[in-house]
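Notes follow the structure.
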Amino acid sequence: MAIHVILAMVDEIDDMAEPTWIERLPAHEDDDQVEWLEDLLLQDTDVLMLYNPALDGIEDPDSPVNQQLGIANLHPNDWFKPFANCE
């Protein structure tokens, strides 16, 4: 969740930073591109569904929505189990 919060706040964090040391770095055309970080740092974003009130109960592996979408590891008992493609 911390990575999700940081990525959501990247523009605000950038505004709070002391820019003098950043200005000394060589510029690159991708400097303002952060969308790729989510793909690099996170396996998926299914966990964000836990914060959607309309999807209450989605963490239950027996729920119809969970089964239809094929979601895994949303129940707290499963949070620290590795994804199948990471074992």
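Key figures
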| item | result |
| --- | --- |
| Answer label for Cα extents along the principal axes in Å (calculated), chosen among (i) 54, 31, 21; (ii) 42, 40, 17; (iii) 41, 26, 20 | (i) |
| Solvent accessible area, Å² - VAL65, 1.4 Å probe, full protein context | 60 |
| About the Cα centre, charge dipole magnitude for the range 16-87 (Lys/Arg +1, Asp/Glu -1 at Cβ), debye | 240 |
| Accessible area (Å², per residue) of the range 1-74, counting only protein heavy atoms and a probe of 1.4 Å | 81 |
| Ellipticity estimate at 222 nm from DSSP helix runs (n ≥ 4, -39,500 (n - 2.57)) divided over the chain, nearest 500 | -8000 deg cm²/dmol |
| For the range 80-86, 3J(HN,Hα) per residue [Karplus equation, 6.51 cos²θ - 1.76 cosθ + 1.60, θ = phi - 60°, Hz, x = Gly/Pro] | 9, 8, x, 5, 4, 7, 10 |
| Accessible carbon and sulfur surface of the chain relative to its total accessible area, %, 1.4 Å | 56 |
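The values are calculated or read from the model by the stated rules, or taken from the named source; none is laboratory data. Every value quoted in this text rests on a predicted model; they were computed, and no experiment measured them. Cβ sites come from the backbone with ideal geometry, for glycine too, and all protein chains shown count toward neighbours. Side chains included, ligands, DNA and RNA excluded: accessible areas come from the protein's heavy atoms. Shrake-Rupley method; radii C 1.70, N 1.55, O 1.52, S 1.80 Å.
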